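Below: the structure, in structure tokens.
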Amino acid sequence: MFPDIALLQCALRCACPQCRQGSLYKPGLTLSLRNRCPVCGLDFAKNDSADAPAVFLIFILGAALVPLALALEWWISPPLWVHAVIWGGLALLVTVGTLRPLKAYIIGLQFKHRRTDWE
Ligand SMILES: [Zn+2]
């Protein structure tokens, strides 16, 4: 029921779900996974996170930002360009900052609950 704290910490570090040491991603700011874990050799090609991280992020951002934008409009009614700058920029920053750890978390959940897919 409660989130697995160790898995969350592993996802925040974008680390391998098996050894929790090796990096999941290729060097740089990319979402491309390495072929194998450099520490334990786990084959990352067997994961299937697909679009799940992006879809979850869209739902979370939509649920959080739309009410905030409506509240700002109700409160001070700024010009539309202010909304575009604030919410567009915030959505971009949150997306860039959280997509890698979110994808790592989805991969970790798949590794934990569907271990047979990785064998
Ligand atoms: Zn590993």
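Values quoted throughout were computed directly from the atomic coordinates according to the rules given, and no laboratory measurement underlies them. Note that this is a predicted model, so its numbers are computed, not measured. In this analysis, Cβ positions are derived from the backbone assuming ideal geometry, glycine residues included, and neighbour counts consider all displayed protein chains.
Tabulated values for the structure
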quantity	calculated
Top-ranked residue in the stretch 41-61 [being of a type in the set (A, V, I, L, M, F, W, C) and surrounded by fewer than 13 Cβ atoms within 10 Å (Cβ to Cβ); ranked as nearest to the ligand (Cβ to nearest atom)]	Ala45
Any hit, the stretch 12-20, residues being over 15 Å from Tyr105 (Cα atoms), assigned to a loop (DSSP other than H, G, I, E, B), out of contact with any strand residue (DSSP E or B) (no Cβ under 9 Å at 6 or more places or on another chain) and within 12 Å of the ligand (Cβ to nearest atom)	no
Residue among Leu68, Leu93, Leu99, Leu57 that alone is without any contact (Cβ under 8 Å) to a residue 12 or more places away in the chain and outside any strand (DSSP E or B)	Leu93
Selection count where residues are touching a residue at least 40 places away in the same chain (Cβ under 8 Å) and either within 12 Å of the ligand (Cβ to nearest atom) or part of a helix (DSSP H, G or I) (or both), scope the stretch 21-32	1
